Amino acid sequence: MNSQGTAEYLATIDTRSLVDKVEMNLIDFFIKKEYKPGDVIPKEMELASAMGVSRTVVRESLTRLKTLGIIEAVKHKGTIIKSPDLSALLGKSMIPRMLDNSTLKDIFELRLVIEIGMADLIFQHITPEDITELERIIKIEPEKSDDVLFDIEHEIKFHGKLYEIAKNETLKKFQQILLPVFNYMYDSGLVNKPIQRKTHVSHQGLVDVLKNGTADEFRSAMRKHLENHFQRLYE
């Protein structure tokens, strides 16, 4: 009997560990039971008995789910379902020096797409006080800030304020997570290329559009503001 014939009679072996299987089984169980954040899940012993595994295996699986932010232990209540904090999960794995160049480039591109795309959110929520704060931030920037390849302090202050205005907490946390990655990209020279600033829009130019323009105009201005980065990435 040749090897092809043998394969027809043998099932593929599931090489996942028992803990892996229990972890996935528990997630499937939570979904089928339609558990919501705050709901108490069965105790370790009950889960172990229902799945026919040891409490040790169940405990390790639950520990993994706690690390993922899917469940948490609450004193005098038990273990409950939790809404995972996506930004926290991402932050744990966002270690710039452990990411390859392709991944770093992808993350940098993601930042560009997000900042161009959040114009409508900004215009939906911006107030005169926000405009005043953005102008205050611009006043303390270096006179030649357009020539600075990257200054994380000013990026946090200005672009961080834009994320704050958008009133989306996940986006705001996401920006804080990504900033060290941007800094590493510049330090490593990944985007350190000569550029031609023909259509660059400054921070002041963005604020002018926020004061007198529309969401579509701001989206276009932000694209031009980030033009230097696009040139470094693609030219």
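The values are calculated or read from the model by the stated rules, or taken from the named source; none is laboratory data. Keep in mind that what you see is a predicted model, and the values were worked out from it rather than measured. So basically every Cβ, Gly included, is an ideal-geometry build from the backbone, and we count neighbours across all protein chains shown. Remember, those area values only see protein heavy atoms, side chains included, never the ligands or the DNA or RNA. Shrake-Rupley method; radii C 1.70, N 1.55, O 1.52, S 1.80 Å.
Under 5 Å from the amide H of Ile71 lie the amide H atoms of Lys66, Lys82, each residue being 5 or more positions distant or on a separate chain, with H modelled from the backbone and absent for Pro and chain starts. Surface analysis of segment 48-124 yields an accessible area of 58 Å² per residue, using protein heavy atoms and a 1.4 Å probe.
Stretched out straight at 0.36 nm per residue, the stretch from Ala88 to Leu18 would grow longer than its current Cα-Cα span by 22.5 nm. Taking 0.36 nm per residue of sequence separation and removing the Cα-Cα distance, the Leu68/Lys105 pair yields an extension gain of 10.8 nm. The packing ranking of peptides 20-26, 208-214, highest mean first, is 20-26, 208-214, where packing means the average number of other beta carbon atoms within 10 angstrom of each residue. Residues in segment 122-131 carry Karplus couplings, in order, of 5, 5, 5, 10, 5, 10, x, 5, 5, 4 Hz; the curve used is 6.51 cos²θ - 1.76 cosθ + 1.60 with θ = phi - 60°, and Gly or Pro positions show x. Extension gain, Asp187 to Glu135, is 15.9 nm, computed as 0.36 nm per intervening residue step minus the present C-alpha separation. Note on segment 41-92: with neighbouring protein chains present and a 1.4 Å probe, carbon and sulfur make up 57 percent of its accessible heavy-atom surface.
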